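Structure first, then comments.
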Amino acid sequence: MTIIYFLIGCSVLLALCFLAAFFWAQRSGQNDDLYTPGMRMLLDDDQDEAAVKK
Amino acid sequence: MPETTTLVKHSCYHCGEECLTNTYQIQDKHFCCQGCQSVYTILSSTGLCSYYNYNDHPGTTRLRNDKRYDYLSDPAIMAELLDYSDERLSVITLYIPQIHCSSCLWLLEQLNRFNPAIHYSRVDFLKKQLTVRFDPQAISLQQLVELLNDVGYEPLISLQDIIKKQNKAEKGNLVQKIAVAGFCFGNVMLLSFPEYFGLSAFEQNFKSFFGYLNILFGIPVVFYSGWGYFVSAWHNIRNKILNIDFPLALGIAVLFIRTLTEILTHSGAGFADTLCGLVFFLLVGKFVQQKTYHHISFERDYRSFFPVAVQIITDGKEKPLPLAELHTGHRMVIRHNEIIPADAILLKGEALIDFSFVTGEAFPVSRTLGEIIYAGGRQMGEAIEMEVVKPVSQSYLTQLWNNEAFTRQQDNRMKTFNETVSKYFTIVLILIALIALIAWLPFDPRRGINAFTAVLIVACPCALALSTPFTMSTALSIFDRNLFYLKNTAVVEQLARIDTLVMDKTGTITDGSSQRIDLDVRLSLEQRQLIYSACANSSHPLSRMICQYFGELGKLSTLNYREMPGKGITALIGGHEVRVGNDDLIFGKAEIGTLTTRVYLMIDGQYLGYFAFHHHYRAGLEQVAGLAPTYKLYLLSGDQDHERAELLRFFPNNRHMYFNQSPQQKLDHIQRLQQQGLKVMMLGDGLNDSGALKQSDLGIAVTDNVNNFSPGSDAIMDGRSFHKLPAFLGFSKDTVRIIHLSFCISLVYNLIGLSYAVTGTLSPLIAAVLMPLSTATIISFTTLATHYSAKRRALL
């Protein structure tokens, strides 16, 4: 059963990685604006059309 | 044929407003004004016309727009506006209130197609902000702002935006604390399960390993996530206040110390998961309470109403000057639609000043040369020159801000239920804990300590601390849906305690945009066309309304056109002498006893009739007036009292209506009512109400567009939901009742926990079950009950 020590260590380490990733995302402002990217995504297709028109 | 032209009405291709003339037209596209047409021209020449494909009429009207941005080349102002600047790159974030649809987003992010010197532009849609990176050597800030203005997106640049520094870091910090607490809570819970379900004999060596890990996870929860509670509790004790943070901090500390000792002395499993769960839930409660409105500011004052800079004349040359440097003796130029920033003497030009925002007067007034004009008025018509007699900070209007109401802290407003209860709660809690300790001490000291700590743990007012934030945040989002925006959650409780409503007139109970207009005679088509042609020359709001009333009639050429400020218009059109104006112009004397504003019409010396302009009261004023027996209603208006008779319908008590009130008088009046022990709510819209809004127990700014300027207040209400005010008041009372009920529920859980605690038999398992269970009950109860009561009041 000593494998438990190893397994718990792994799981905690993995979870810490995710926590660190979240901190990084938060600090670099990725969660600041959660609304606009969704709108922006819908606009991209039509941009080609505008270029063609021109 | 002129008859046919009257029938066709076009809406502007750019902004969708009704076109009053056919002058602006490109191919089959009609425009309401030069501004809209030029935006279209710019966009079509750049090949950006798919702007119009995403939405119909995506633009905003350009009718009232002729700003100047010379001041943006002033280095001192530039330095304050730019986020970052070096020789090759400048970054600026601009607030653009017009952002409202996907077309806006699309166009504003294509800025580099207008000018390659703009490297990058990004929109934050909810905050209505645009971040631009550009090369300052190729395009100046002024050119950038002018470009934005040309395409119809005029940034709002005000003094207050410069002064205001955003502190969004705080909320981000809270999210990180929640993340850490959640992370530890999850792990600790998993590590505690084996203990709760029982470990077999040969697994006992895991027990201490799990224990040590639990301590490890507990440390960041206490010292990072929960640290704020200790700081706040300490701070409050030093100020001799017992608030809810004290028992919370005590609970956290006791939990941690007891966990530490139990695990290190191998005497038990400790309460690590209760500890982490407690901190996690508390922080979540804090998070939901911090509702932020990105696009609404509650802290606006005169600085955001005034321009950033003003044009002054020195040595015969015009140059921009930052407002802060404006001194007595400066000669300034105020153009059409610009705001006069300081009390000044009129030196040159015809002044027609719209004081509606400052005094509540509905119509612009004319001033003669040499008169002192108070700050805050908006010039309509030609450019005028004025000499400053008082600096900005000491003018008639801004003096109001020196009143103590503006320096007073918000603290001495009403105490919330939570604050009142937690004081007694804390005292009772400590008493019970001490009694348990003393009662056990003679027989079983160990058990006494156990009981003492257990009481502090189990009675930790987690549910109490959560009931208010969760109820309030649900209530806030329901108000939000009904276009009523509250500054913070405490405002809901203040709303529930109000017993007196004080209302401003112009813009608050009257609808600013739509005045009703009546013509008392039938005119022939020719007569209508003559009057239309005369009025079409004028930019006076009444003339514009008359034009709108007639619709498109085709303008005839006008001779001898004269506009007399404050009187009316005379003109010679097609051989007919047309006079449109007030009683003085037409009859040569003032007519007494009229209740409405009237514009009289005369053609070739023959009196025809008049237009009557009625104020349009907001829909729902009847319902609000119906609150009368329960709530005291007052009217405080800066306007003349010619509507007194009409308003008697709504304010039956004549002594509750006050007219001709100066901003200071309004403030004093609120103060008098408060001295009578009344809880006063003030509804206002203009700068003239800002003193009263601040002094009142609850100030609500009523506005037709939440992005427009509204004075600093506790809440902002969209004019369209004015009729829901009675429902809002009722709902706020329900909300407070729900908080009381959930407090009772949390007390029941506390009593159950206490019965274990005082006997010293509280096991970690019971604590671990009780705490999340009570939290879940409270959250679901408050959310459901709040939604139910909102439905009952037809707010959902």
*Pop out the carbon and sulfur fraction of the accessible area of chain B as a percent, whole number, probe 1.4 Å.*
56 percent
*How would B:TRP227, A:TRP24 rank on accessible area, largest to smallest, probe 1.4 Å?*
A:TRP24, B:TRP227
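DSSP beta bridges in chain B, what fraction antiparallel, as a percent rounded to 5? Don't skip to the end; give the middle numbers.
Working: 72 of 90 bridges.
Antiparallel: roughly 80 percent of the beta bridges in chain B.
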_Eigenvalues of the Cα gyration tensor times 5, then square-rooted: what semi-axes does that give for the protein assembly as shown, in whole angstrom, largest first?_
61, 33, 24
*asked:* If you count only protein heavy atoms and use a 1.4 Å probe, how large is the accessible surface of B:ASP315, to the nearest 10 Å²?
replied: 150 Å²
*What is the distance, in nm, between label points placed 7 Å from the Cα along the Cα-to-Cβ direction at B:ARG481 and at B:GLN27?*
4.4 nm
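DSSP beta bridges in the protein assembly as shown, what fraction antiparallel, as a percent rounded to 5? Kindly include the intermediate steps, with their values, before the conclusion.
Working: 72 of 90 bridges.
Beta bridges within the protein assembly as shown, antiparallel portion: roughly 80 percent.
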_Solvent-accessible surface ranking, highest first, for B:THR23, B:THR735 at 1.4 angstrom_ = B:THR23, B:THR735
*Can you pull the one-decimal nm distance between simple spin-label points at B:VAL428 and B:GLN623, each 7 Å off the Cα toward Cβ?*
3.9 nm
*Which value, in Å² rounded to 10, gives the accessible area of B:LEU264 with a 1.4 Å probe and all protein chains present?*
100 Å²
*Mind grabbing the base-10 log of I(q)/I(0) for segment B:304-392 at q = 0.13, 0.14 Å⁻¹? Debye formula, identical points on the C-alpha positions, no solvent, two decimal places.*
-0.35, -0.41
*Just give the residues from segment B:24-56 buried by at least 10 square angstrom of accessible area in the all-chains context relative to the isolated chain, probe 1.4 Å, and say none if nothing qualifies.*
B:THR46, B:GLY47, B:SER50, B:ASN53, B:TYR54
*asked:* Please list B:SER121, B:SER140 from largest to smallest accessible area, probe radius 1.4 Å, with all protein chains kept in place.
replied: B:SER140, B:SER121
*Scan segment B:258-341 for trypsin sites (Lys or Arg not before Pro) in coil per DSSP, keeping those whose Cβ has at most 15 other Cβ atoms within 10 Å, and list them by number.*
B:ARG335
*Tell me, what does the Kirkwood hydrodynamic radius of segment B:592-668 come to in angstroms if you use every pair of distinct C-alpha atoms?*
14.9 Å
*Select from B:ILE716, B:PHE217, B:MET602 the residue farthest towards the positive end of the dipole of the protein assembly as shown; place +1 on Cβ of Lys and Arg, -1 on Cβ of Asp and Glu, and compute about the Cα centre.*
B:PHE217
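Could you tell me the relative contact order of chain B? Use alpha-carbon pairs under 8 Å, at least six residues apart, and round to a whole percent. Don't skip to the answer; put the middle values down first.
Working: 1438 pairs, mean separation 96.1, N = 796.
Contact order relative to length: 12 percent.
Okay, helix-only estimate at 222 nm for the protein assembly as shown: each DSSP H run of n ≥ 4 adds -39500 (n - 2.57), divide by all residues, round to 500 deg cm²/dmol; what do you get? Before the final figure, lay out each step's value.
Details: 30 runs with 386 residues, N = 850.
Estimated from H runs of four or more residues: -14500 deg cm²/dmol.
Semi-axes, largest first, in whole Å: what does sqrt of 5 times each Cα gyration tensor eigenvalue give for chain B? Mind dumping the intermediate values first?
Values: eigenvalues 759, 196, 118 Å².
Semi-axes, largest first: 62, 31, 24 Å.
Computed over the Cα atoms of segment B:669-787, what is the convex hull's projected area averaged over all directions, in nm²?
On the way: hull surface 44.7 nm².
Over every viewing direction, the Cα hull of segment B:669-787 projects on average to 11.2 nm².
How much length is gained if the chain between B:HIS656 and B:SER366 is pulled fully straight, taking 0.36 nm per residue apart and subtracting their Cα-Cα distance, in nm to one decimal? Could the numbers behind the result be given before it?
Details: separation 290, 0.36 × 290 = 104.40 nm, distance 3.10 nm.
Length gained between B:HIS656 and B:SER366: 101.3 nm.
Stokes-Einstein at 20 °C, 1.002 mPa s, Kirkwood radius from Cα pairs: D for segment B:200-359 in µm² s⁻¹?
Values: Rh = 22.1 Å.
Rounded to a whole number, D works out at 97 µm²/s.
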_Which trypsin sites (Lys or Arg not before Pro) in segment B:82-165 sit in a loop by DSSP (not H, G, I, E or B) and have at most 15 other Cβ atoms within 10 Å of their own Cβ?_
B:ARG88, B:LYS164, B:LYS165
*Counting only heavy atoms of the protein chains, get the accessible area per residue of segment B:749-796 (1.4 Å probe) and round it to a whole Å² value.*
49 Å²
*Can you list the HN-Hα couplings for segment B:113-130, worked out from phi with the Karplus curve (6.51, -1.76, 1.60; θ = phi - 60°), rounded to whole Hz and with x for Gly and Pro?*
7, 7, 8, x, 6, 8, 6, 7, 9, 10, 9, 9, 5, 5, 7, 6, 10, 10
*B:TRP440 accessible area, 1.4 Å probe, all protein chains in place, Å² to nearest 10*: 60 Å²
*Summing Lys, Arg as +1 and Asp, Glu as -1, what charge do residues with Cβ under 10 Å from the Cβ of B:VAL388 carry, B:VAL388 excluded?*
0
*In Å² (nearest 100), what accessible area is buried between B and A, both sides summed, heavy protein atoms only, 1.4 Å probe?*
2500 Å²
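Would you mind working out the accessible area per residue for segment B:546-685, using a 1.4 Å probe, and quoting it in Å²? Each step should come with its number before you reach the end.
Working: 6580 Å² over 140 residues.
About 47 Å² of surface per residue is accessible.
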*asked:* Using the basic label-point model (7 angstrom from Cα toward the beta carbon), what is the B:HIS787 to B:ILE42 distance in nanometres?
replied: 4.6 nm
*asked:* Using square roots of five times the C-alpha gyration tensor eigenvalues, list the equivalent-ellipsoid semi-axes of segment B:645-693 in whole Å, biggest first.
replied: 19, 15, 10
*asked:* Can you tell me, using C-alpha contacts under 8 Å and at least 6 residues apart, the relative contact order of segment B:688-796 as a whole percent?
replied: 21 percent
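The values are calculated or read from the model by the stated rules, or taken from the named source; none is laboratory data. The structure displayed is predicted, hence computed values, not measured ones. Positions of Cβ are backbone-derived with ideal geometry, glycine not excepted, and every protein chain shown enters the neighbour counts. Note: areas computed on protein heavy atoms with side chains; ligands, DNA, RNA excluded. Shrake-Rupley method; radii C 1.70, N 1.55, O 1.52, S 1.80 Å.
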